[in-house]
Amino acid sequence: QIKNLEEQFEARIARDEKIEPKDWMPEKYRKTHIRQMSQHAHSEIIGMLPEGNWITRAPSLRRKVALLAKVQDEAGHGLYLYSATETLGISRDEMYEQLHSGKAKYSSIFNYPTITWADMGAIGWLVDGAAIINQVPLCNTSYGPYARAMIRVCKEESFHQRQGYEIMIKLANGTPEQKEMAQDALNRWWWPSLMMLGPTDDVSVHTAQSMKWKLKRKSNDDLRQQFIDQTVPQAELIGLTIPDPDLKWNEEKGCYDFGEINWDEFWQVVKGHGPMNKERMKARVGAWERGEWVRDAAMVHAEKKQERKQK
Ligand code: 3HC
């Protein structure tokens, strides 16, 4: 019986059909989607912290408004993705508990400090740039709610990338000190942005199965190469140097060769020992605890509203 169900499921995937919450699916398909989608949601929520650090210190009202809008978007993406993940049978509270207890992963990229205003430019340009490259294929992923969430998210990410690159253009064309700030931010964010796209395909534990189930449509290495090939010309256009002495255009392959990524650093960060992991979790758990009264008040208000409706 199950064999038959599995065969029908595989045939649906082969026909590029969307799997919906009420459809039959292999338990492993459900589990790997809960894993990836909840971690994606956690990444959006934690991703608000590095940028939140600069909202009160933005250099102009225009910059403050754009950064505020971007951080609010990230919150929305997180809530969108938590809702999509709940369709697979895990509760919001369970996901929060997994994040707050350190059981769940979130993107390595958000464990680095944002020490100058130029970091806001580098994050929008590089981190959201890499995010778009990683998320566009996900608009075509086999699980319906995830694919539909990604379509909305990708539209907003393009604005994030543009506002970041505009900050970098302004700084790179500014005073020598401003240009140095932009170069320093590029130096600190370039390699972590390459790592954000995941381990190399030969060591990636999920890629093979995720590709079979059309959860992952392009491999980590392909997406990384696409990001590099797209971003190097953008750096050159504003006179910034990519901090990789081995970066070189390969005419034959039609893409850039690049230097060795420090995977020890990557796994250290993923394991919780990055520069800012402790601060991010402290800030997140602190916000959750300090916000308890808001959640309680909202519940009481909703109950009162319900009672009034029933009178
Ligand atoms: N940070 C933290 N953990 C990572 C990671 C990263 N950058 N890359 C991989 N890992 C983890 C995986 O989660 C997996 O661990 P697990 O089994 O406990 O989940 C392990 O390392 C093995 O890696 P794999 O490559 O085999 O794992 P995946 O196939 O899941 O690929 C991924 C990793 C490419 C990040 C994939 O999960 C993915 O595409 N996720 C959706 C996009 C996403 O989550 N982006 C995160 C950034 S959010 C964002 O960009 C928001 C924007 O507004 C800035």
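Being in contact with a Gly (Cβ under 9 Å, 6 or more places away or on another chain) and within 11 Å of the ligand (Cβ to nearest atom) is the filter here; which residues of segment 132-156 pass it? Let's see the steps before the verdict.
At the first step, the residues of segment 132-156 found to be in contact with a Gly (Cβ under 9 Å, 6 or more places away or on another chain) are 134, 152-153, 156.
134, 153, 156, listed by residue number.
This table checks each residue for (1) closer than 22 Å to residue 263 by Cα; (2) out of contact with any Lys or Arg (no Cβ under 7 Å at 6 or more places or on another chain).
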site	(1), (2)
88	no, no
92	no, yes
95	no, yes
101	no, yes
109	yes, yes
114	yes, yes
129	yes, yes
134	yes, yes
137	no, no
Say whether the condition of being under 26 Å from residue 27 (Cβ atoms), at pLDDT 95 or above and of a type outside the set (Gly, Ala, Ser) is met by at least one residue in segment 67-74.
no
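If I ask for residues that are among the acidic types (Asp, Glu) and more than 23 Å from residue 147 (Cα to Cα), which ones from segment 201-242 would you list? Break it down into steps so the answer makes sense when it comes.
Taking segment 201-242 first, the residues among the acidic types (Asp, Glu) are 201-202, 221-222, 229, 236.
Residues satisfying the conditions are 202, 229, 236.
Rundown of residues vs (1) over 21 Å from residue 198 (Cβ atoms); (2) away from the ligand (no atom under 14 Å from the Cβ); (3) of a type outside the set (Phe, Trp, Tyr), yes/no style:
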position	(1), (2), (3)
250	yes, yes, yes
255	no, yes, yes
267	no, no, no
272	no, no, yes
277	no, no, yes
280	no, no, yes
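Among the residues of segment 201-239, which ones are closer than 23 Å to residue 37 by Cβ and of a type in the set (Val, Ile, Thr)? Talk me through it step by step, then tell me what you get.
Going residue by residue through segment 201-239, those that are closer than 23 Å to residue 37 by Cβ are 201, 203-224, 226-227.
Scanning segment 201-239 gives 203, 205, 207.
Conditions (1) surrounded by 14 or more Cβ atoms within 10 Å (Cβ to Cβ); (2) among the aromatic types (Phe, Trp, Tyr), marked per residue:
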residue: 18; (1), (2): yes, no
residue: 24; (1), (2): no, yes
residue: 29; (1), (2): yes, yes
residue: 43; (1), (2): yes, no
Would you mention how many residues in segment 74-107 are of a type in the set (D, E, K, R), surrounded by fewer than 19 Cβ atoms within 10 Å (Cβ to Cβ) and within 15 Å of the ligand (Cβ to nearest atom)?
2
Taking the criterion of being within 30 Å of residue 295 (Cα to Cα) and within 16 Å of the ligand (Cβ to nearest atom), would at least one residue in segment 158-174 satisfy it?
yes
Would you be able to tell me the number of residues in segment 187-221 that are more than 10 Å from the ligand (Cβ to nearest atom), over 18 Å from residue 266 (Cα atoms) and in a helix (DSSP H, G or I)?
1
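Considering only residues that are part of a helix (DSSP H, G or I) and crowded, with 19+ Cβ neighbours inside 10 Å, look in segment 226-241 and name the one that is farthest from the chain's Cα centre (by Cα).
If we filter segment 226-241 for residues that are part of a helix (DSSP H, G or I), which is where we start, we get 226-237.
Retained after the next criterion (residues that are crowded, with 19+ Cβ neighbours inside 10 Å): 227-228, 231, 235.
Values: 227: 14, 228: 17, 231: 18, 235: 22 Å.
The qualifying residue farthest from the chain's Cα centre (by Cα) is 235.
Restricting attention to segment 58-68, does a residue exist that is surrounded by 19 or more Cβ atoms within 10 Å (Cβ to Cβ), within 10 Å of the ligand (Cβ to nearest atom) and of a type in the set (Gly, Ala, Ser)?
Pass one, segment 58-68, residues surrounded by 19 or more Cβ atoms within 10 Å (Cβ to Cβ): 63, 66-67.
Okay, now just the ones that are also within 10 Å of the ligand (Cβ to nearest atom), so none.
No: segment 58-68 contains no residue that is surrounded by 19 or more Cβ atoms within 10 Å (Cβ to Cβ), within 10 Å of the ligand (Cβ to nearest atom) and of a type in the set (Gly, Ala, Ser).
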Here the residues within segment 114-139 that are out of contact with any Asp or Glu (no Cβ under 8 Å at 6 or more places or on another chain) and either modelled with pLDDT under 95 or outside any helix (DSSP H, G or I) (or both) are 115, 117, 136
Using beta carbons and a limit of 9 Å, which pairs, at least six apart or on different chains, have the first residue in segment 123-140 and over 15 Å from residue 77 (Cα atoms) and open to solvent by 30 Å² or more (accessible area, probe 1.4 Å) and the second one more than 8 Å from the ligand (Cβ to nearest atom) and in a helix (DSSP H, G or I)?
140/147; 140/150
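Looking at segment 14-37, can you tell me whether even one residue there is of a type in the set (Phe, Trp, Tyr) and either at pLDDT below 95 or outside any helix (DSSP H, G or I) (or both)? Steps first, answer last, please.
Filtering segment 14-37 for residues of a type in the set (Phe, Trp, Tyr) gives 24, 29.
Applying the additional criterion that residues be either at pLDDT below 95 or outside any helix (DSSP H, G or I) (or both) yields 24.
Yes, because at least one residue in segment 14-37 is of a type in the set (Phe, Trp, Tyr) and either at pLDDT below 95 or outside any helix (DSSP H, G or I) (or both).
Could you run through segment 41-57 and say how many residues are assigned to a helix (DSSP H, G or I) and either free of Cβ contacts under 8 Å to residues at least 60 places away in the same chain or more than 16 Å from the ligand (Cβ to nearest atom) (or both)? It would help to see each step written out before you state the result.
In the first step, residues of segment 41-57 are kept if they are assigned to a helix (DSSP H, G or I); the result is 41-46, 48-55.
Now narrow it down to the ones that are either free of Cβ contacts under 8 Å to residues at least 60 places away in the same chain or more than 16 Å from the ligand (Cβ to nearest atom) (or both): 41, 44, 48, 52, 55.
Residues meeting the conditions: 5.
From the list 143, 165, exactly one residue is surrounded by fewer than 24 Cβ atoms within 10 Å (Cβ to Cβ) and among the aromatic types (Phe, Trp, Tyr). Which is it? Talk me through it step by step, then tell me what you get.
Working: 143 fails: surrounded by fewer than 24 Cβ atoms within 10 Å (Cβ to Cβ).
Exactly one residue qualifies, and that residue is 165.
The values are calculated or read from the model by the stated rules, or taken from the named source; none is laboratory data. Since this is a predicted model, take the numbers as computed values, not measurements. Here the Cβ is made from the backbone with ideal geometry for all residues, glycine too, and neighbour counts use every protein chain on show. Areas reflect the complete protein model, heavy atoms only, side chains present, ligands, DNA and RNA absent. Shrake-Rupley method; radii C 1.70, N 1.55, O 1.52, S 1.80 Å.
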